[in-house]
Amino acid sequence: MAVRSEIDPIRQVLIHTPGPEHNYTLPKNTTEWIADESGQLIHNPDYLLFDDIISPGGMAAEHNELENVLNAFTGQGHTYQFSDILVDTLQTIEQRQELFHACNTLDQKLYGTESSVDTEEILDLEAADFAAVLLSGRMIKPVLQTVFKWPLPNLIFTRDIAVALNNALVLTWGRWPARQREMLLMQHVAHHHPLFSSFTQFDFHKI
């Protein structure tokens, strides 16, 4: 894989179809400014940089149409779903432990919260279910439980989580807390998935 132009034909694309993360985005997450007790406008600490509550099913259907168009340009099998390659990198307990620890540490740092859900119960999930927890911040079985404070509704904007330039991959880091867990997921994928093994990688958060 080598990206040398912004106008050459597209060969491979990384996308993310809206999923369980949008089920847990709340109205209070969509307002950037709120009034404090004195009536002054302040930045909403619960704002997730996403300005609307959507229908996940309806938006996923529209996104599938986009995927069909991209497949027409790239050839079948060259449009990759982020959730699929994430699942590929969560097949071992060691991989799940590594990523869960990083995400849990980040949530504690950003929000001062720590999940009360049994860690072993989370790590024992099937890879796809474990990935859904990372995206949505919620574990739904046996009952709905909060694992991370907020979901990741902005992951549909995969253009923001990494930049491919020639044979280099720059792993980005979002300024706002709402996007930083996404960046951890992309770092994990980039380090563990063979799709990115040919890239020289630069982690912007560590430069």
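Laboratory data are not the source of any read-out in this text; all were calculated from the coordinates shown. Remember, it's a predicted structure, so these values are computed and weren't measured experimentally. When we count neighbours, we look across all protein chains shown, and the Cβ atoms used for this are built from the backbone with ideal geometry, even at glycine.
By the beta-carbon count within 10 Å of each Cβ, the least crowded to most crowded order of 150, 33, 173, fewest first, is 33, 173, 150. Placing +1 on the Cβ of every Lys and Arg and -1 on the Cβ of every Asp and Glu, with no other charges, gives region 14-158 a dipole of roughly 100 debye about its Cα centre.
For region 11-122, the spherically averaged projection of the C-alpha convex hull amounts to 10.1 nm².
Note on residue 141 and residue 74: their simple-model spin labels are 3.0 nm apart, each label 7 Å out from Cα toward Cβ. Entry note, region 14-158: relative contact order of 33 percent, from Cα contacts under 8 Å with a spacing of 6+ residues.
Binning the C-alpha pair distances of the chain at 5 Å intervals from 0 yields a P(r) profile of 1, 7, 14, 18, 20, 17, 12, 7, 3, 1, 0, 0 %, listed from the shortest bin outward. In plain terms, the residue of 13, 87 with the fewest other Cβ atoms within 10 Å comes first and the most crowded comes last, giving 13, 87. Spin-label model, residue 33 to residue 46: label points 7 Å out along the Cα-to-beta-carbon direction sit 2.0 nm apart.
Taking other C-beta atoms within 10 angstrom as a stand-in for reagent exposure, 186, 139, 59 fall in the order 59, 139, 186, fewest first. Applying 0.36 nm per residue to the separation of residue 94 and residue 60 and subtracting their alpha-carbon distance, the gain on full extension is 9.1 nm. Comparing Cα centroids, region 71-114 and region 176-207 end up 10 angstrom apart. Note that region 19-74 shows a convex hull volume over its alpha carbon atoms of 95 Å³ per residue.
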